[in-house]
1. Take Gly70 and tell me if it is on the phi > 0 side of the Ramachandran plot and either surrounded by 12 or more Cβ atoms within 10 Å (Cβ to Cβ) or modelled with pLDDT of 85 or more (or both).
2. Hey, could you check the range 115-133 for residues that are closer than 22 Å to Glu62 by Cβ and exposed (fewer than 13 other Cβ atoms within 10 Å of the Cβ) and say which is modelled with the highest pLDDT?
Amino acid sequence: MRLAIIIVLSIIGIAIVGVVGMYFWAQNEVAQQTGQTTQELRSEARDLRIQSDIGLLRSALELYFLQNVGTAEQGYPASLEDLTPYSDAWLDVAEPDRFHYQQTNNGQGYILEASLHNGEKIRATETESSSAL
């Protein structure tokens, strides 16, 4: 019985080593094919996530605005943290310190900016989806 357990555990160990080895091999292959280092690929992936988060936050801001039409809080929120009761968007943002939000026109507009890892900035407002600064 002990021998069977040792054999099973050995097989599981070998399988785990194989899976981990395949993971690192795949990362190396992608890096070689694209000519980018693993760090550059990760940075690019984080920038794509930030761009996605801009769209998510923009949708949450529009939802907030629509749900507050005709109320005392009419308009866009004073801060992104105010989105929480209306949407989990702010809670899902991967790197909140990369975003800058400013309410404009007495709550009737906003500017939302994000800094990408490559140094580029993207901006969203109440009238345009996003553009490079």
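1. Details: on the phi > 0 side of the Ramachandran plot: yes; either surrounded by 12 or more Cβ atoms within 10 Å (Cβ to Cβ) or modelled with pLDDT of 85 or more (or both): no.
In short, no.
2. Kept after step one, since they are closer than 22 Å to Glu62 by Cβ, are these residues of the range 115-133: 121-133.
Those still in the list that are exposed (fewer than 13 other Cβ atoms within 10 Å of the Cβ) too: 127-129, 131-133.
Numbers: Thr127: 59, Glu128: 40, Ser129: 38, Ser131: 40, Ala132: 43, Leu133: 41.
In this case the residue turns out to be Thr127.
The values are calculated or read from the model by the stated rules, or taken from the named source; none is laboratory data. The shown structure was predicted, so the numbers you read here are calculated from the model rather than taken from an experiment. Please note: Cβ atoms are built from the backbone with ideal geometry, for glycine as well, and neighbour counts cover all protein chains shown.
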